[in-house]
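The values are calculated or read from the model by the stated rules, or taken from the named source; none is laboratory data. Computed from a predicted structure; not experimentally measured. Cβ: placed from backbone, ideal geometry, glycine included. Neighbour counts: every protein chain shown.
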Amino acid sequence: MTAYEKFSQSIHKFGRLTMLLGMIAVLLPPMLMTFYYGYNPGIAAIIAGAVSQMSVSGAFYFSEPIANYPIIGAAGLYMSTLSGNSVNLKIPAAVSAISGSGYKQGTDEGSMMGTIGIAVSIYIATFFVILSTIFAQTVIVNLPEHIKEVLTLIIPALYGGIFAQFSVKSFKTGIFALLVAFVMSKLVALIPFNATFLITLVTVFSSIYFAKTQLETINKNS
């Protein structure tokens, strides 16, 4: 058993415990509001909200663990799931750490570097969240309107940067992913109910399969 395998075994024990504690911490405030203070929107509103949320992000429950595990490993997956904001912050930090270290994604060394990158990003994010909670509200309120409009472009710009970083390594996979996403967005628009999660689900798994076939072709020709 390698050192990384021993590390992963110990991680699962603490990872499951922290995930359980995280679930309790998340559910405690609404439970307290419902059963102690008596404030409750009603079961119909709760179900409607849950269905609405799951229709938008339900695909990520399946795609993110599968797609992110080769990059960040078990430890990174536990940390990114518990701390949240994985696609916007944790995965870019992990990719940057792996690229800077010189190791390859999918290797034990690469996963360890990704884990370290995520750990550092969590500390930095926590610091700036506390700082922004104290100061940012006052600053944002007083910003000019044209600057506030620019802030709405941060997430699309970040997604575009991550996509470009991976597409450079396999431009065929990048083009394929764009085409699938475009076609799926047109098909989903024809569905009478909200099924936007299908865009993510189909694009992610079809791109993984396409990249796998590309890698197999390269290995055969080499």
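Key figures for this structure:
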item	result
Region 208-219, subset modelled with pLDDT of 80 or more and not aliphatic (A, V, I, L, M), residue surrounded by the most Cβ atoms within 10 Å (Cβ to Cβ)	PHE210
Unmet criterion (only one of (1) surrounded by 11 or more Cβ atoms within 10 Å (Cβ to Cβ); (2) outside any helix (DSSP H, G or I)) for PHE7	(2)
Only listed residue being within 22 Å of VAL87 (Cα to Cα), within 20 Å of the chain's Cα centre (by Cα) and modelled with pLDDT under 80, chosen from PHE205, PHE166	PHE166
Residues satisfying the stated conditions in region 141-163, i.e. over 26 Å from ASN68 (Cα atoms) and either in a helix (DSSP H, G or I) or modelled with pLDDT under 80 (or both)	VAL141, ASN142, LEU143, GLU145, HIS146, ILE147, LYS148, GLU149, VAL150, LEU151
Answer residue from region 164-190, given it is assigned to a helix (DSSP H, G or I) and of a type in the set (S, T, N, Q) and is farthest from LEU89 (Cα to Cα) among those	SER185
